[in-house]
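The values are calculated or read from the model by the stated rules, or taken from the named source; none is laboratory data. Remember, it's a predicted structure, so these values are computed and weren't measured experimentally. Here the Cβ positions follow ideal geometry from the backbone for every residue, glycine too, while neighbour counts run over all protein chains shown.
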Amino acid sequence: MAEQALLYARHLATTMPFVPGSDGTLPISVLGHGYSNLLYTVCNDVVDLVFRVYPLAHQDRVLREQAALSLLASVDAVPELAWGEPNARFIERSVLICYKVPDFSFDADEILPAHLDCLADFSATIHGPEVPGSGPIAEPVGPSAPRMCLELIDRELLSPKGSLERLSPLVRETLTYLQEFPRCLNLLDLKPHLWKESPGRLYQADGQLANVVKGSRGMRYLVDWEHAGPMDPAYEIASFFQRPYSLQLSRKQRDNCISKNADRRDISADRDRKAKYLTVLPVQWITRLTSLLAEDLRR
């Protein structure tokens, strides 16, 4: 794959104005990988680029990230888009190319005070633009109200895939129990304003420490926009606090950060919505995992 990426880089060096390579050769090195992509750096004396290379089956992710970064072109805290080619010639892959963040480095594995400030800053600036009504990022990528999480849980557990007969009695009993357990969530105090759908705004939809990188002068950037699209902003913030590393935070730090984000948003009942999502999300992920395990056991 590295050889194919190098071939593509050399092609760009001779044909694309944003890759000024005098003799068509560019050094390329592996930067890392994501869940479904490989990352390479390509540079010479005048340009420093990051290539994200996907299988063709994931070209929709390139289109989505390309659209998101184009919409956020005026925002400093995201990478600058150079080129996107969902069906890249020569290598039969999807490629997205961004200018490398100056003095790029991966951030810490632990939550720092700067991360909590960034979370609020990202929410106030990056997540502001209205999503176009059509195009790659028009389709929602997350819930727009807490009730949608309850509906997802119902779909996972009340519409089992395949027969339960091949499962052990213990697994069948557990699934049956879980089908009733989400009913407790319906007792949540979902007042009318909490059922109201939030306005469609752009969200990165994968807010985690691995996607926060540090640049020059300590500035932090939010990268990896392949899942971007509209969702309830309260859901994305709640999802951040459901990840294991959030356990590093004290209750006071957690509450202060949630309040800080709430203060920067013009969304009614923002704090209440986050509280509902924080209650529902553990059940949602447990039922999703159980459903996947049960499906795998049926095979």
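General observations
- Pick from the range 256-281, criterion among the acidic types (Asp, Glu) and modelled with pLDDT under 75, ranking: surrounded by the fewest Cβ atoms within 10 Å (Cβ to Cβ): ASP266
- Single residue of the range 148-176 satisfying the filter (surrounded by fewer than 12 Cβ atoms within 10 Å (Cβ to Cβ) and at pLDDT below 70) that is farthest from PRO230 (Cα to Cα): GLU165
- Looking across the range 57-94, the residues that are β-branched (Val, Ile, Thr) and under 21 Å from ALA138 (Cα atoms) come down to VAL62, VAL75, VAL78.
- Picking from residues in the range 67-83 that are assigned to a helix (DSSP H, G or I) and not hydroxyl-bearing (Ser, Thr, Tyr), the one that is nearest to the chain's Cα centre (by Cα) is ALA68.
- Positions within the range 38-66 being among the acidic types (Asp, Glu) and either buried (at least 18 other Cβ atoms within 10 Å of the Cβ) or in a loop (DSSP other than H, G, I, E, B) (or both), in sequence order: ASP45, GLU65
- Filtering ASP117, ASP109, ASP103, ASP76 for residues that are modelled with pLDDT under 85, in contact with a Ser or Thr (Cβ under 6 Å, 6 or more places away or on another chain) and surrounded by fewer than 17 Cβ atoms within 10 Å (Cβ to Cβ) leaves a single hit, ASP103.
- When residues in the range 203-239 are screened for being in contact with a His (Cβ under 7 Å, 6 or more places away or on another chain), assigned to a loop (DSSP other than H, G, I, E, B) and aromatic (Phe, Trp, Tyr), 0 of them pass.
- Flag for PRO140 being at pLDDT 80 or above, in the same structural domain as GLN248 (by TED's automatic domain parsing) and either more than 30 Å from PRO244 (Cα to Cα) or among the hydrophobic types (A, V, I, L, M, F, W, C) (or both): no
Matching residues to (1) surrounded by fewer than 17 Cβ atoms within 10 Å (Cβ to Cβ); (2) of a type in the set (Asp, Glu); (3) at pLDDT below 75:
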| site | (1), (2), (3) |
| --- | --- |
| ALA205 | no, no, no |
| ARG220 | no, no, no |
| ASP224 | no, yes, no |
| ALA234 | no, no, no |
| ARG243 | yes, no, no |
| VAL283 | no, no, no |
| THR287 | no, no, no |
| LEU292 | yes, no, no |
